[in-house]
Every structure is written in C-alpha cells, then in structure tokens.
Amino acid sequence: MISTSLEQRIRDHSAHIAIIGQGYVGLPLATEFARVGFTVSGIDNDPDRVTTLNMGRSCTPDLTDKDLQSLIRAGKYAATTDFSVLQKSDVVIICVPTPLRKSKDPDISYVVAAGTEVATRFHPGQLVVLESTTYPETTEELLLPMFEPKGAKVGEDLFLAFSPERIDPGNPTFRVGDIPKIVGGVTAECTRLTAALYRQIVPKVREVSSPKVAELAKLYENVFRNVNIALANEFAQMCRRLNVNSKEVIDAAATKPFGFMPFYPGPGIGGHCIPIDPLYLSWKLRLDGYESRFIALADDINRSMPHMVVEMVTQALNTQRRSVNGAHIIALGVAYKKGVGDLRESPALEVMELLRARGAEVSYADPHVPSITFEGHLLKAIEPTDAVLGTADCVVILTDHAEFDYPRTVAASRLVIDTRNATFGLPAPAGRVVRL
Ligand SMILES: NC(=O)c1ccc[n+]([C@@H]2O[C@H](COP(=O)([O-])OP(=O)(O)OC[C@H]3O[C@@H](n4cnc5c(N)ncnc54)[C@H](O)[C@@H]3O)[C@@H](O)[C@H]2O)c1
C-alpha cells in the first residue's frame, strides 16, 4: 500500500523532503528535518538566497552559519532554484509568503505559483503540506484542485494537509523543534501521515479534523495577539491621560496567576504575521457578507500608533520650546521587534517617514540593520555614541534591542521618547523622558 511505504520512509528518515521557500519559516524547518537525518532540498526562486545558503550563510537568527555548514557538509541539506528535485521528493512542504495586496486583500499568488510547481510534478505517494498562513479553505479549495488534472486521488495516492508554522524568529526559548504542531489533513490518512512526519522533529502534534480547522487555529492565534496588542495600545493612551505608566500597571496586573496574560504597548505592529493574518480572516468572512468588528477595530488602533508616537514627539519638543520642523531626531531601532533585523511592516519606518514629512532631519541606529532605503535613498545606521545622542533634539526608542545601552541613552540625550518602556525603572528627569 502506497501510504504504508511512505510512512515507513518517514519513520526511518529515508524519505526525501523538499521545502519550498527558504525564509524565516522554511529554512529552520528544513534544517530541523536535516538534523534528524532526512535529506532535504530547500527550494527558493531567489537565486541570491540560494547561493548565499549554499555558501553556508544563514538568513535567519534561528540558524547559525556553523550549523548550516555542518548539514551541508554531511550532504543532508542543499538549497536549489531547481524545482525538478520535486520529482524525487516524497514530502513537499510549502512555506512561501502570504502578504496583502495594496487593497489589503490576500495576495495568494506565491502559494499558487508554488502549488503549480508541485502539482505539475506530482507522482503517486507524495505528501504535500501547506505551512504558509492563509485564509480558511485554501488547502481544499485552491491547492487540491491543482492536482486533479494529474488524476491524483487524495487519501489514496496524494496526501494533502495544512500545518501552520508558529515560529517566532529570534526567540531562543521556543525554537521550531519546541513548538507543538497542528495538523489537519484532507482525509484521515492525510492527517495521520502528516502527524507522523512532524513527530520526527517536534514533541507534540495536535491532529484536527480538517485543513480548515488548522487554518483557522493559526488565524485565531494571530487575531488574539493583534487584538490584545491593540487593547494594550489603547490602554497606554488612557494611562498617559491619567499620568500613570502603562507598564507598571500591566506588570502589576500580570501578578495574577490565572485569567490574565500581559501584552504591552508599542509604536505599532510589524512583521509578516500579526498585522496581516487577521485581514486574511476578515477578507474571507466579508465574501460571506460578515464584517469582523474586533479585527477592524484592532487594526485601526494598531495602525494609528505611529501617528500617536509622532504626536508624543511633537508635544515633548513643544514643551522644550522646539519644533519637529528642523529638529534632528534619532530613531533607536527600525526592526519591527527586538533581536531581529526584519523590517517588514515595521512601524518604525512609518514613524520616521511621518517625522520627516513634518520637517525633521531623521537618522537611525540599529545593530541588526546596517542600512535602509528611506524615501528612495540609502540611509546608513549611525553609532549611538554619547556625543551623537547629545547632539540630537530627540531620541525615539522604537525597537527595544538588548544591544542598546538605555541608562547611557537617558543620560546622554536631551529628550527621549520611549515607545517600548525600555527605560522603565531608570531615573527619568521630568520632561526629558516620555514613556508610552
Ligand atoms: N516570519 C514569521 O515569523 C512567520 C511565522 C509563522 C508563519 N509565517 C508564515 O510563513 C510563510 C512564510 O513566511 P516567511 O517569514 O518565511 O517569508 P520569507 O519572505 O522570509 O521567506 C519566503 C521565501 O519564499 C521564497 N519564495 C517566494 N515565492 C516562491 C516560489 N514560488 N517558489 C520558491 N520560493 C519562493 C522567497 O524568495 C523567500 O526566500 C508566510 O505565510 C507567513 O505568514 C511566518
């Protein structure tokens, strides 16, 4: 029986695995399978990325160059742009981007492109798993029909499932091998084989009744984060009006051992997931005439935060009888979160643009981002020395990287706007440090 021999190859790690998309999600996943003994091809359509990876240079904080090099040397991992490796693959996992279009509708074109490559090379006995975050029913309504012209029979010679990736790039506590997987196959056999696959690299697998449940579980996780961050962002604005620091309140509330989970305010939300994924769900429901109110409100509040930060800068400069127009402002951090160099959807960039539009001269420091393209020009990161900080009219902490020296920043700067409460607990002379 086809599924028995596939299962055997999964269990003895002789199955060949191809992972399409070698970014923040696909690369750590590929190397996790390679580490336990599978031979893995990492397919990516970006030739520069493939060359870099094959030279042993990682593109994610979750994999060191040394670990990548040892897997390449052992013949367990190789990156390629050549989709013909799919012909020998027993397992294919799709980890391509799922961004939004300008209209804020899902841009599913990367999944369609990758799915087409897989379907045209389908051979009986293949297990295909979609990991990209997407709207409910993508697996069954978009991917499955692609295999029909090949005469594939799902559950018999094609095994198809959705299993969302839940990685948090740069998080040293929870790496890909520590995070339980959710698996929803089109048939029970699809679920069983996919669960057997992931059990080779993660300790816990939750099998659910359909791909749709798995797709929705991922979306609900990220809606939950988005909505709770929005609540923290609005709560911070209330605290500011009441002259209370929001972090002190949230930390106090978080001492309750049940029924509470702390979320903290910031300059807005970024990255490839939290600002985007909820809109995949609301888009799908809108097709059915349903408007998701929580998602819309949370999106509205979170997207207003960069404007709120600019307002804080304006007010604080005003208190010192200065204006944004003509001020030299240093942004500390441009990545969307600490510990990574990921600029996707980063609210820091919007804050910088808004300040620039009001006439400020803006520079930035970020140990993870050596340069950015800002308003069409290359802008290089500066070194935030005491002398540099001291000459700025205002320093805005936008990403709370561990590498920044916050006591020194407070001591050396004329004005600090702290959108991450990174200076919380430090002596803050009135009017010189303003926290969200
Ligand atoms: N980054 C995260 O923290 C995270 C966490 C969980 C889930 N996800 C989801 O995982 C998916 C991938 O995200 P990511 O952060 O890894 O993206 P990424 O941009 O880091 O990597 C995607 C890679 O896919 C490649 N690619 C695009 N189209 C391709 C194609 N047709 N064929 C081959 N390669 C192709 C790109 O060149 C790129 O290297 C998205 O759906 C995302 O929502 C991301």
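The values are calculated or read from the model by the stated rules, or taken from the named source; none is laboratory data. Everything numeric in this text was worked out from a predicted model, so none of it was measured. Glycine also receives a Cβ, built like all others from the backbone with ideal geometry; neighbour counts cover every protein chain displayed. Quick note on the areas: whole protein, heavy atoms, side chains included, nothing else; ligands and nucleic acids left out. Shrake-Rupley method; radii C 1.70, N 1.55, O 1.52, S 1.80 Å.
For region 95-128, a residue qualifies if it is over 15 Å from PHE162 (Cα atoms), among the polar types (S, T, N, Q) and part of a loop (DSSP other than H, G, I, E, B), and exactly one does: SER103. Scanning region 355-377 for residues that are open to solvent by 40 Å² or more (accessible area, probe 1.4 Å) and at pLDDT 95 or above yields ARG356, ALA357, ARG358, GLU361, PRO367, HIS368, PRO370, SER371.
Within region 129-180, if we keep just the residues that are away from the ligand (no atom under 13 Å from the Cβ), part of a loop (DSSP other than H, G, I, E, B) and in contact with an Asp or Glu (Cβ under 6 Å, 6 or more places away or on another chain), the residue that is nearest to TYR336 (Cα to Cα) turns out to be PRO136. Of all the residues in region 9-32, those that are open to solvent by 10 Å² or more (accessible area, probe 1.4 Å) and more than 8 Å from the ligand (Cβ to nearest atom) number 7. Taking the numbered list (1) more than 10 Å from the ligand (Cβ to nearest atom); (2) in contact with a strand residue (DSSP E or B) (Cβ under 8 Å, 6 or more places away or on another chain); (3) farther than 14 Å from VAL92 by Cα; (4) open to solvent by 10 Å² or more (accessible area, probe 1.4 Å) in turn, ARG49 passes all entries but (1).
Across region 79-88, not a single residue is classified as of a type outside the set (A, V, I, L, M, F, W, C), closer than 20 Å to GLY177 by Cβ, open to solvent by 10 Å² or more (accessible area, probe 1.4 Å) and more than 15 Å from the ligand (Cβ to nearest atom). Counting only helices (runs of 4 or more DSSP H) that sit wholly inside region 23-94, those with at least 1 residues that are modelled with pLDDT of 95 or more and closer than 22 Å to THR133 by Cβ are 26-35, 47-54. Out of (1) in contact (Cβ under 8 Å) with a residue 40 or more places away in the chain; (2) under 22 Å from ARG432 (Cβ atoms); (3) assigned to a helix (DSSP H, G or I), what's the single condition that is false for LEU354? Tallying (1) in contact (Cβ under 8 Å) with a residue 40 or more places away in the chain; (2) under 22 Å from ARG432 (Cβ atoms); (3) assigned to a helix (DSSP H, G or I), LEU354 fails exactly one: (2).
Scanning region 52-68 for residues that are free of Cβ contacts under 8 Å to residues at least 60 places away in the same chain and either touching a Lys or Arg at 6+ places or on another chain (Cβ under 9 Å) or within 19 Å of PRO97 (Cα to Cα) (or both) gives LEU53, GLY56, SER58, CYS59, ASP65, ASP67, LEU68.
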